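The values are calculated or read from the model by the stated rules, or taken from the named source; none is laboratory data. Just so you know, these numbers come straight off a predicted model, no measurement behind them. Positions of Cβ are backbone-derived with ideal geometry, glycine not excepted, and every protein chain shown enters the neighbour counts.
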Amino acid sequence: MAKGFNKVILMGNLTRDPELRTTPNGQNVASFSLAVNRTWRNANGEQQEAVDYIDCNAWGKAGEIITQYMQKGRAILVSGRLQQRSWEQEGQKRSKVEVVVEDFNFVGGGDGGGSSSSSSSSSNSNKSSAASSKKESKSSSSDDDLGDEPINLDDIPF
């Protein structure tokens with residue numbers, strides 16, 4: 001029998017701020033929803049648009065990082081696997097398909113289309129952007145200057 005393959009890659013915008021929870025056994029999980037826009041042409045050649053809303057869960061360190069640096073409206077690229085959950089609510093069986101995030105990339109820079117805020121993560125991004133701009137202007141004058149400035153570990157999100 002052939003082995004199955006379960007992989008999904010999505011790019012979209014967060015519909016709400018990520019919510020970080022801790023399971024009873026102490027593991028962190030971030031829950032968030034992505035709005036993924038798509039366009040196509042109908043039979044008459046008219047452009048159509050629709051939005052799909054996809055629930056995602058990021059476990060462990062990935063969930064902590066996403067919660068720290070992402071907010072409603074910001075764009076993110078996630079890859080992972082689909083997982084179906086089933087439960088019973090008020091006597092009715094319910095089920096839901098979600099993405100379990102295995103890898104992610106922040107899309108855009110600085111504000112990235114999200115609401116502007118003065119949170120610490122935004123100010124850290126701005127500091128690192130300013131530092132890299134300073135480094136770029138320095139390196140454009142001479143390639144020998146690369147590596148002269150120490151790396152601030154607080155600017156690295158991982």
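Observations on the structure shown:
Yes or no, residue by residue, for (1) over 25 Å from residue 16 (Cα atoms); (2) modelled with pLDDT of 50 or more; (3) in contact with a Lys or Arg (Cβ under 6 Å, 6 or more places away or on another chain); (4) in a strand (DSSP E or B):
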residue	(1), (2), (3), (4)
100	no, yes, yes, yes
112	no, no, yes, no
128	yes, no, no, no
131	yes, no, no, no
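- For residue 20, the test of being under 14 Å from the mean Cα position of the chain (by Cα) and in a strand (DSSP E or B) is passed.
- Qualifying residue in the range 19-32 (condition: farther than 23 Å from residue 103 by Cβ and in contact with a strand residue (DSSP E or B) (Cβ under 6 Å, 6 or more places away or on another chain)): no
- The lone criterion from (1) out of contact with any Asp or Glu (no Cβ under 8 Å at 6 or more places or on another chain); (2) surrounded by 10 or more Cβ atoms within 10 Å (Cβ to Cβ); (3) not hydrophobic (A, V, I, L, M, F, W, C) left unmet by residue 3 is number (2).
So that you can scan it fast, the table gives a plain yes or no per residue for (1) within 19 Å of residue 105 (Cβ to Cβ); (2) of a type in the set (D, E, K, R); (3) assigned to a loop (DSSP other than H, G, I, E, B):
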position: 3; (1), (2), (3): no, yes, yes
position: 50; (1), (2), (3): no, no, no
position: 61; (1), (2), (3): yes, yes, no
position: 64; (1), (2), (3): yes, yes, no
